[in-house]
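The values are calculated or read from the model by the stated rules, or taken from the named source; none is laboratory data. What you see is a predicted model, and the numbers here were worked out from it, not measured in a lab. FYI the Cβ positions are ideal-geometry reconstructions off the backbone, even for glycines, and counts take in every protein chain you see. Note: accessible area is taken over every heavy atom of the protein model, side chains too, but ligands, DNA and RNA are not part of it. Shrake-Rupley method; radii C 1.70, N 1.55, O 1.52, S 1.80 Å.
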Amino acid sequence: MKSLKIVLIGYGKMGHVLEQIATNRGHEVVLTIDRGQEDRFDDPSFLTADVAIEFTAPQEAYDNCLRSLKRNLPTVSGTTGWSNRLPELKELCEKEGKTFFWSSNFSIGVNLFLRINRKVAELMKAAPNYHLSLEETHHIHKLDAPSGTAITLAETLLAARHELKRWELTETPEEHTLPIQAHREGEVPGIHTVHYTSEVDRISLTHEAFGREGFALGAILAAEYAAQHQGWLTMDDLLKLD
C-alpha cells in the first residue's frame, strides 16, 4: 500500500487517534479541518490529498462530506445520526462517479459481530419462545441514541426475523417490535449486547470495545481501500463478506 496524503475532517479525540494510526502506517495527514474551520476546504493542501476521513457531528456530517466529494476527493465517514441523508450521497456516487465509504462502525470486530448475529438470529427461529432484545452503552458525550451501530445491528436482526416488523427505543415493546435500550455512562467506548430470553434462561451475545483504536484502525483501512476503488463502498466490500 502506497503512502497516502489524508485530510481529517473533525479533529477531536477520534481525529487525534486517526492521525496517530495513519502515521504509524506510513501515511501523512496534510490537513485537519475542525468545527468553525470550513474555510480550510479551500486550502491548497486539500488538492494534494488522496482521501478524506470525516468524524464530526450528525448536524455537520452531510455538508462536510458533500464539500469533500464535490472537490473530487474520495471520502470516508463514520459519523452516525444522519443516515436519512446517505441515499443522496449514494446517488451522487452513482451519477457522478464519486467515491464515498460510510459505516456506522469501522471496527473489524463489530462487523464480524454483525455477521455472527445474522447467523444466530436465523438459528434461533427454531426456538420462537426466546424473545429478542438489544442493549447498548456508550460514553456520555455521544449525541445520538440508539447508536448507529445499534441501529445497524437491529436492522440485521429484523432482516433475519420476519416476525419482527420494527425496532423501538423502549423497555416495554409492543408486539412484533424489537426493543432497544440505550445507556450513556462515563467514558464507555461502546458495548452492544443482543439478548435471547425465555422463561427458563437467557442467551446473550456481546461486543465490547476497549477504546477508540479499533474504530480508528478500521477507518484507516477503509481510507486505504477507498483510495484504490470507486463508488459507494461499505465494510462488506472491504472485508469481502458477501
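Just to confirm, what accessible area per residue do you get for the chain at 1.4 Å probe, in whole Å²? Please report the intermediate quantities before stating the final value.
On the way: 12070 Å² over 242 residues.
Accessible area per residue: 50 Å².
On a straight-distance basis, which lysines could pair with Lys119 in a cross-link, Cα separation under 27 angstrom, same-chain partners fewer than 8 positions away excluded?
Lys165, Lys240
When the helices in the chain are scored as -39500 (n - 2.57) per DSSP H run of 4 or longer and the sum is shared across all residues, what 222 nm value do you end up with, to the nearest 500 deg cm²/dmol? Don't skip to the answer; put the middle values down first.
Working: 7 runs with 84 residues, N = 242.
Computed ellipticity for the chain at 222 nm equals -11000 deg cm²/dmol.
Using packing as a proxy for protection, rank 199-205, 175-181 so that the peptide with the highest average count of other Cβ atoms within 10 Å comes first.
Result, highest mean first: 175-181, 199-205.
For segment 26-76 and segment 166-238, compute the distance between their C-alpha centroids and round to whole Å.
26
Ignoring ligands and nucleic acids, what accessible area does Trp82 show with a 1.4 Å probe (Å², nearest 10)?
Accessible area, nearest 10 Å²: 10 Å².
So which lysines can Lys70 reach, going by Cα to Cα under 20 Å and dropping same-chain residues fewer than 8 places off?
Within the straight-line cut-off, Lys70 pairs with Lys5, Lys90, Lys95, Lys98.
Against the longest alpha carbon principal axis of the chain, how many degrees, from 0 to 90 and to the nearest 10, is the axis of helix 86-96 turned?
Between the helix axis and the principal axis of the chain, the angle is about 50 degrees.
In whole percent, what relative contact order does segment 100-204 give with Cα contacts below 8 Å and a gap of six or more residues? Intermediate results must be reported in sequence, preceding the final value.
Values: 157 pairs, mean separation 35.5, N = 105.
Relative contact order of segment 100-204: 34 percent.
So how much accessible area does Phe113 have, in Å² to the nearest 10, using a 1.4 Å probe?
The accessible area of Phe113 comes to roughly 20 Å².
Between Arg85 and His162, with labels modelled 7 Å along Cα→Cβ, what's the label distance in nm to one decimal, could you check?
A separation of 3.6 nm, rounded to one decimal place.
Of the accessible area of the chain, with the probe set at 1.4 angstrom, what percent is carbon plus sulfur? Working shown, then result.
Details: 5990 of 12070 Å².
That fraction is 50 percent.
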